[in-house]
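Student: Pasting a structure below so you can have a look.
The values are calculated or read from the model by the stated rules, or taken from the named source; none is laboratory data. Predicted model, so just to flag it, every value in this text is computed and none were measured. Ideal geometry is used to build each Cβ from the backbone, glycine not excepted, and the neighbour counts take in all protein chains shown.
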Ligand SMILES: Cc1ncc(C[n+]2csc(CCOP(=O)(O)OP(=O)(O)O)c2C)c(N)n1
């Protein structure tokens, strides 16, 4: 069923709050991978607040859907979503990436509730997802596995080894997202290593592949529902996004892959986010 206007409005409000948490946390911790955290936000919000079959009170529930942030440097964004979803108190993020905090820049599955896999070294999340999806099939469990990768991360050969295996095993309980913001650490992906056509590459490996606007909740919702209904193959959803989304000074700027904010920049970023959402919600 397509998302209703009320559901879209609710998800939009949540993503507004989460983008502000990302900015505040980046300010207090001194620096984070803020650009890619802002580009991945809407997909994570749609998953955690609508589609994932999870129970934050039982993070180890065996039948829960799994989510893996393969682009683990987006940890500040993922932690902001997990806090909003009720896995832990948002106040804990005040110590994000500080000595003694359970939150490092890349989330640790042994320390952070809701984190199913420790990531950060790029290229491994899809293979972990393949293992979980094969495990579900072997155990005849109904949980689904979702993996979010960066587009720059697609340069890692292990992603394609995992993609071949997922196609071979016809893992229709596996959905992979590509955060297609067009930028990696030091510039545009296509200038550094040509990735296109990404959808055809996945199809060649036995996947279904869709391309959507990764900031449009209606499009994210219908793609996830389509992925859930595909039979006999995994599905890749290539999400066209904007690195630094909603913060004017960061949008589309490779130098905001990682950065810190002083109080002036924090205020400017928060104002930019508020302006964006007020215009969107009317
Ligand atoms: C194996 C490995 N090599 C290099 C890095 C350093 N690194 C961190 S983020 C990044 C760029 C990733 O780009 P992309 O996947 O497009 O991320 P996004 O733009 O979504 O933040 C790199 C090279 C790493 N974390 N792991």
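Student: Are there any pairs, at least 6 apart or on different chains, whose C-beta atoms fall under 7 Å, with the first in the stretch 178-193 and farther than 18 Å from residue 40 by Cα and the second more than 6 Å from the ligand (Cβ to nearest atom) and in a loop (DSSP other than H, G, I, E, B), and if so, which?
Tutor: Pairs that qualify, where the first residue is farther than 18 Å from residue 40 by Cα and the partner is more than 6 Å from the ligand (Cβ to nearest atom) and in a loop (DSSP other than H, G, I, E, B), are 190/196.
Student: Okay, next question. For the stretch 245-258, name all the residues that are in contact (Cβ under 8 Å) with a residue 40 or more places away in the chain and either in contact with a helix residue (DSSP H, G or I) (Cβ under 6 Å, 6 or more places away or on another chain) or more than 12 Å from the ligand (Cβ to nearest atom) (or both).
Tutor: Across the stretch 245-258, the qualifying residues are 245, 246, 247, 250, 256, 257.
Student: Now a separate question. I'm trying to understand the selection: among the residues of the stretch 186-200, which are assigned to a loop (DSSP other than H, G, I, E, B) and at pLDDT 95 or above?
Tutor: Scanning the stretch 186-200 gives 193, 194, 195, 196, 197.
Student: Filter the stretch 149-161 down to the residues that are surrounded by 24 or more Cβ atoms within 10 Å (Cβ to Cβ) and either farther than 27 Å from residue 243 by Cα or away from the ligand (no atom under 14 Å from the Cβ) (or both) and list them by number.
Tutor: Within the stretch 149-161, no residue meets the criteria.
Student: For the stretch 237-257, does any single residue satisfy the condition of being assigned to a loop (DSSP other than H, G, I, E, B) and in contact with a strand residue (DSSP E or B) (Cβ under 6 Å, 6 or more places away or on another chain)?
Tutor: Yes, that holds for at least one residue.
Matching residues to (1) more than 30 Å from residue 186 (Cα to Cα); (2) crowded, with 18+ Cβ neighbours inside 10 Å; (3) away from the ligand (no atom under 16 Å from the Cβ):
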residue: 24; (1), (2), (3): no, yes, yes
residue: 31; (1), (2), (3): no, no, no
residue: 34; (1), (2), (3): no, yes, no
residue: 64; (1), (2), (3): yes, yes, yes
residue: 72; (1), (2), (3): no, yes, no
residue: 76; (1), (2), (3): no, yes, no
residue: 108; (1), (2), (3): no, no, no
